[in-house]
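Let me begin by presenting the structure, written as structure tokens, before commenting on it.
What follows is calculated from the coordinates using simple rules that are stated; it is not laboratory data. None of the values given here were measured: they were computed from a predicted structure. Note: ideal-geometry Cβ built from the backbone for every residue, glycine included; neighbour counts use all protein chains shown.
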Amino acid sequence: MEYSTETLQKLQQLQKKFIAELSERISGIKIQWLNYVEIDNDEAKKDIKILLHNLAGTAGTFGYLELYEKARRLEKMLDEMADNKSKSDSGAAAMTAGIDDLIHFIEHMPDSGLFSQSTKDK
């Protein structure tokens, strides 16, 4: 797909903002997960779901497909836990490991989004 120069610049700015805010997003997910596990807070579960859903959607939009897949997988795991109406030790451990994996991935994520090459050229 071809973009006008103005549109491409706006998309590049949005992509840069997304990358800059990743650590804040993942911190929010981790904090809400701990709240959910430690104090059984259903509001925290809703917040995690929204955070993961938004992370997956934005990552997919900007072409960060592995990040999209990881966030989407965690969102599905959270849904499965809710469907089972319990936070089994194994489910909670898998979710915690998944969040840790997501954090590690983000910390080492290559800049390979849809607009990255154009961003580097400017």
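Side notes on the structure shown:
- Vicinal HN-Hα couplings computed from phi for the range 60-73 (Karplus, 6.51 cos²θ - 1.76 cosθ + 1.60; Hz; Gly/Pro x): x, 4, 8, x, 8, 5, 5, 5, 4, 4, 5, 5, 5, 4
- Dividing the mean sequence gap of close Cα pairs (under 8 Å, 6+ apart) by how many residues the chain holds gives a relative contact order of 27 percent.
- Ordering Ile39, Tyr3, Leu78 by Cα displacement along the dipole of the range 1-94 toward the positive end leaves Tyr3 in first place; charges were set at the Cβ atoms of Lys, Arg (+1) and Asp, Glu (-1).
- Eigen-decomposition of the gyration tensor built on the alpha-carbon atoms of the range 21-111 gives equivalent ellipsoid semi-axes of 22, 12, 12 angstrom, largest listed first.
- At R0 = 35 Å, FRET efficiency that the Cβ-Cβ distance of Asp111 and Asp40 yields, to 0.05: 0.35
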